[in-house]
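To start, the structure under review is shown below, and the notes come after it.
The values are calculated or read from the model by the stated rules, or taken from the named source; none is laboratory data. Values in this document were obtained by computation on a predicted structure and should not be read as measured data. Reconstructed Cβ throughout: ideal geometry from the backbone, glycine too, with neighbour counts over all protein chains shown.
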Amino acid sequence: MAIMKTVILMVLSQIVSGSVNIFYKIAVADGMKVQIMVFYRLVFATAFMVPLAFIMERKRRPRLTWTILLQGVINGFLGAALGSNLLAESLIFTTTTFSSAMSNLTPAVTLIMAVILRMESLDMHRLGGKAKLLGTLLGIGGALVLNLYKGVKITLPHLNIHLLHTPHATATTAQWTAHGNIWGSLLAFLSCVSYASWLIFQGKMRQRYPMYSSTALMCFCGAIQAGIYAFIRERDSSAWKLGWNIRLFTPAYSGIASSGLGVTVIAWCTKLKGPLYVSSFYPLSLVFVAIVGTIVLPEELHLGSIVGSIFIAIGLYVVLWGKAQERVADPEALKRNENGVIEIISFAGVNQATAAVVPEFKTDDQILPKSAAANQEA
């Protein structure tokens, strides 16, 4: 029964995560500024996470120090304000399917950065190291296919729901055509770099501050930074108004459902089944976006998008499999790895939640594969 609960919750969390991109697209077509949308999303996420952190961790939360506050500011910038703005901006110039596929490159980018910073090993003499390298190359190859190969058009049934038929939709579509995928690809890739930097850096903060509290602090700092950036870009007060329409629904839904409830669901499933199990569901978000985006939005699905997305998804699974092999071969690595890159690589696909968390390190069978846990006990 517990297995079915985790499966249902993870599938729902990926649908929520994928639908955020679709609602972003609709809100932008309605004329909402991306920077303002990100700011309000982080405000709603903060409003959800602060009470949750107070309730869940009030008895074990240490005193807030200047060091923790500084780490919260940096995490808020990399993992919330900057990463979210770059990802949202990329949606203006690309399709929701393209943006979602590029997001799945985050584990590969994280691995590359971790190896460069010598926080993660890439032992080519072991099967796990070879798998991580192969998965990274597959992900990069998939991204190149997405950008360089279009292929034949894939026709799906259309429901005649024209969600982008608004006065602003024509201008937005023209913008996609004029700039092409180059600018959108660059923004999507930079968002992966931003999220990867956050995933690596936040390991330090997680050593000092508990999970929900660090997430709430990150959302709060990110909201302030995103608000300053949005105010610099847009000072017209009318652009900041939220009515009872898509402009209110999108930031509220993405902040509460994705960044709030999504964090809680993923944290619970990770504690119960482990980060590798949770990470295996991430490509579902891409499948959902590809199907729904093509049916209800004026977006075309081409063979190149499918092939590239498959390569990226396979690359993600190969990297995760390589990490699992390393866990079995060397379960003590969890204890030696102070920055938690083992968990970070496995958990990197959650970047779209904006307020995602890396679970606390454990060496029992909730985190390690059963064979590794058995070896430890022996």
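Of all residues in the range 98-128, which are outside any helix (DSSP H, G or I) and out of contact with any Pro (no Cβ under 8 Å at 6 or more places or on another chain)? Once the filter is applied, which keeps residues that are outside any helix (DSSP H, G or I) and out of contact with any Pro (no Cβ under 8 Å at 6 or more places or on another chain), the range 98-128 yields LEU105, LEU117, ARG118, MET119, GLU120, SER121, LEU122, ASP123, MET124, HIS125, ARG126.
Yes/no matrix, rows are residues, columns are (1) over 22 Å from THR215 (Cα atoms); (2) not basic (Lys, Arg):
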{"residue": "ILE266", "(1), (2)": "no, yes"}
{"residue": "LYS271", "(1), (2)": "no, no"}
{"residue": "ILE295", "(1), (2)": "yes, yes"}
{"residue": "LEU301", "(1), (2)": "yes, yes"}
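How about the range 186-217: which of its residues are within 16 Å of PRO51 (Cβ to Cβ), among the hydrophobic types (A, V, I, L, M, F, W, C) and touching a Leu at 6+ places or on another chain (Cβ under 9 Å)? Of everything in the range 186-217, those that are within 16 Å of PRO51 (Cβ to Cβ), among the hydrophobic types (A, V, I, L, M, F, W, C) and touching a Leu at 6+ places or on another chain (Cβ under 9 Å) turn out to be ALA216, LEU217. May I ask you to verify whether GLN325 is polar (S, T, N, Q), modelled with pLDDT of 50 or more and over 18 Å from the mean Cα position of the chain (by Cα)? When the stated conditions are applied, GLN325 passes them.
Across the range 278-309, the number of residues qualifying as in a helix (DSSP H, G or I) and out of contact with any strand residue (DSSP E or B) (no Cβ under 7 Å at 6 or more places or on another chain) comes to 19. Looking across the range 270-294 at every residue that is of a type in the set (A, V, I, L, M) and over 17 Å from VAL16 (Cα atoms), the one that is surrounded by the fewest Cβ atoms within 10 Å (Cβ to Cβ) is identified as LEU272.
The residues of the range 39-59 that are closer than 23 Å to SER259 by Cα and not in a helix (DSSP H, G or I) amount to a single one, ARG58.
Here is a yes/no grid of residues against (1) at pLDDT below 80; (2) under 25 Å from ILE22 (Cβ atoms):
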site	(1), (2)
PRO107	yes, yes
ILE116	no, no
GLY129	no, no
VAL152	no, yes
HIS158	yes, yes
THR166	yes, yes
THR173	yes, yes
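I'd like the residue in the range 198-245 that is modelled with pLDDT under 85 and of a type in the set (S, T, N, Q) and, out of all such residues, is surrounded by the fewest Cβ atoms within 10 Å (Cβ to Cβ). Out of the qualifying residues, it is GLN207. Scanning the range 228-243 turns up at least one residue that is over 21 Å from the mean Cα position of the chain (by Cα), under 22 Å from ALA80 (Cα atoms), of a type in the set (A, V, I, L, M, F, W, C) and not in a helix (DSSP H, G or I). Whether a residue is under 25 Å from GLU299 (Cβ atoms), at pLDDT 90 or above and among the hydroxyl-bearing types (Ser, Thr, Tyr) was assessed, and SER19 passes this test. Sub-6 Å Cβ pairs linking a first residue in the range 62-89 that is over 23 Å from SER254 (Cβ atoms) to a second residue that is modelled with pLDDT under 90 and part of a helix (DSSP H, G or I), at least 6 apart or interchain, are ILE68/ARG208; GLN71/MET205, ordered by first then second residue.
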